[in-house]
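Heads up, the thing below is written out as structure tokens.
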Amino acid sequence: MKTDWSAALAVAAMLAAGSAAAQTSASPPASRTASSAAVQTLDYVVRPGDTLIDLATAYMNRPLDYRRVQRENRVANPRRLAIGHTLALPVDLLRAEPDEARIAGFRGAATLNQDGRSAAPASGQTVREGAVLSTGANAFVRLALSDGSHVVVPSNSRVRVSRLRRYAINGAVDHALTVEAGRAESRVSPRRRPGGFAIRTPVSVSAVRGTDFRVSFDDDADRSTTEVLEGAVTIASGQAETLAAADQGVSAAAGAVRLLPLLPAPALVHPDAPQTQALVAFDIQPLPGAERYRGRVAQDAGMIEAFAEADSAPGGPLVFGEMEEGAFFLRLTALSPEGLEGKAVTYSFIRARNGVGGLASALDQRDRRRFYRFRWEAEGVGEATFRFQLWREAEDGTADGPLLVDQPGLTEEAFTLSDLPPGVYSWRVQSARHRFGRLLEAWSEPQQLRIGR
């Protein structure tokens, strides 16, 4: 059974960015819950010519809202205000006008559902309140907000743009997204009050004024996670309240909230090895506390041009499958059993296909002699040279014998030997080529050859 919205977890990051003429404030109560919070006000410094009636007409939801401001600020005459005096304007009275975002970039099978139409997004396209962004496998959408903040919708996610507003009184922006499935990653610029930024899920609300954090929602587990990379986040649920600082995370499920440290960044077993095999795969050094690992591949270290993402099986390698050639970057994180994604490390790597396949051997008898022709197929781009090795297996099968043939510098995809004596042999081929300023070398798997009398 899904958690009711009225019992949603509240998450707030108290990162302040003030304004010279207007600034919000609230008197915090002794305790705060997700369903009750102090009424916020905006401190407004009176300027020459200001009246309460003019302020209400220009910046509030209704012209008559000045009466509440007059009452709460104990103003005798709404048409006569002392220059330099500070008024506390209730934020809930302030008028917010529609704001816009735009598609900063996308890759893969992504969809923008807006104004009753569903289609692939376009770079630079305007996104309005109510739009829904969806991504498939290895797809990403980067959303640019009007204040310079950015949100990444990674693969297999669905995110609704639930609020895009700008306060008329000072231009402060107020944005909110809802993660309906999958994940969202945000880097939020410090915001003028009373603006803010929030990411909601069916079981949590993460609200900030400027920080770097991630939010996910697992519908099957009815669990939401929030990971703080920069700044600080206050988490309230029921009567409980806790503070998540940078490198900490919160897992919320079934009314329970857990504050945990984020796992450190994992490490690759062979960080400098080029990816030459048919499938791109990375072996990861086991990290205590990690259940699995997540990797993202991009054309840049900042992960702006990301194009592939994969999770490992528990204890297994990180496998991406086929990938075009190039110089890329891998961002690697570890995931805890609670679903929290840990700190990240970024590696550069070369993807250049280099291998040997289609190995086969054939016997050709001519003039009472036996010729053994070994063939293979080069896998990769560009010219390659080959090295052929053959050895005899030990009689008892426990070890290999010494090399009988070791021939480098071959340019053809074949090699011929004659008059091999009866026995059991093994042979293999190495492919070598220069790509991206590096010498790439890869051996085939040994093949067995049996020669009878």
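Read-outs: derived from the displayed coordinates by stated rules, not from any lab. Just so you know, these numbers come straight off a predicted model, no measurement behind them. Note: ideal-geometry Cβ built from the backbone for every residue, glycine included; neighbour counts use all protein chains shown.
Numbers below:
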| item | result |
| --- | --- |
| Highest-first arrangement of 264-276, 342-354, where packing means the average Cβ count within 10 Å | 342-354, 264-276 |
| Alpha-carbon centroid distance for the pair the range 430-447 / the range 269-340, whole angstrom | 22 Å |
| Largest to smallest principal axis extent of the C-alpha atoms in the chain, angstrom | 120, 41, 37 |
| Length added when fully stretched, GLU325-ARG62, from 0.36 nm per residue minus Cα-Cα | 88.6 nm |
| Protection proxy ranking of 69-80, 43-54 - average other beta-carbon atoms within 10 Å, highest first | 43-54, 69-80 |
| Centroid-to-centroid separation of the range 131-158 and the range 359-427 [C-alpha atoms, Å] | 53 Å |
| Positive-pole candidate from PRO422, GLY358, PRO337, dipole of the range 299-453, charges at beta carbon | PRO422 |
| Mean Cα-pair separation over length for the chain, i.e. relative contact order, pairs under 8 Å, 6 or more apart, % | 11 percent |
| Net charge over other residues, Cβ less than 10 angstrom from the Cβ of ILE350 (K, R count +1; D, E count -1) | +1 |
| ³J(HN,Hα) computed for each position of the range 369-381 - Karplus, 6.51 cos²θ - 1.76 cosθ + 1.60, integer Hz, glycine/proline x | 10, 10, 10, 10, 9, 9, 10, 7, 10, 6, 10, x, 9 |
| Rg to Rh quotient for the range 280-351, alpha carbon positions, Kirkwood Rh | 0.96 |
| Residue-by-residue Karplus 3J(HN,Hα) for the range 427-432, coefficients 6.51, -1.76, 1.60, Hz, glycine and proline x | 9, 8, 9, 9, 10, 10 |
| Packing-based order for 112-118, 89-95, 421-427, using average beta carbon neighbours within 10 Å, highest first | 89-95, 421-427, 112-118 |
| Sum of side-chain charges, GLY321 neighbourhood, beta-carbon under 15 Å (Lys, Arg +1; Asp, Glu -1) | -2 |
| Karplus-derived 3J(HN,Hα), 6.51/-1.76/1.60, for each residue of the range 158-168, Hz, glycine and proline x | 9, 10, 9, 7, 8, 8, 9, 9, 9, 6, 5 |
| Total formal charge among the other residues, if their Cβ is under 12 angstrom from that of LEU335, Lys/Arg +1 and Asp/Glu -1 | -1 |
| Estimated inter-spin distance, LEU404 and LEU439, nm [label 7 Å along Cα→Cβ] | 2.9 nm |
| Computed helical MRE - 222 nm, the chain, DSSP H runs ≥ 4 contributing -39500 (n - 2.57), nearest 500 | -1000 deg cm²/dmol |
| GLY105 long-range amide H proximity, modeled H, under 5 Å | GLY124, ARG142 |
| Nonlocal amide H pairs with ALA181, under 5 Å, H built at 1.01 Å | ARG158 |
| Amide proton proximity set for SER204, modelled H, under 5 Å, gap of 5+ | LEU9 |
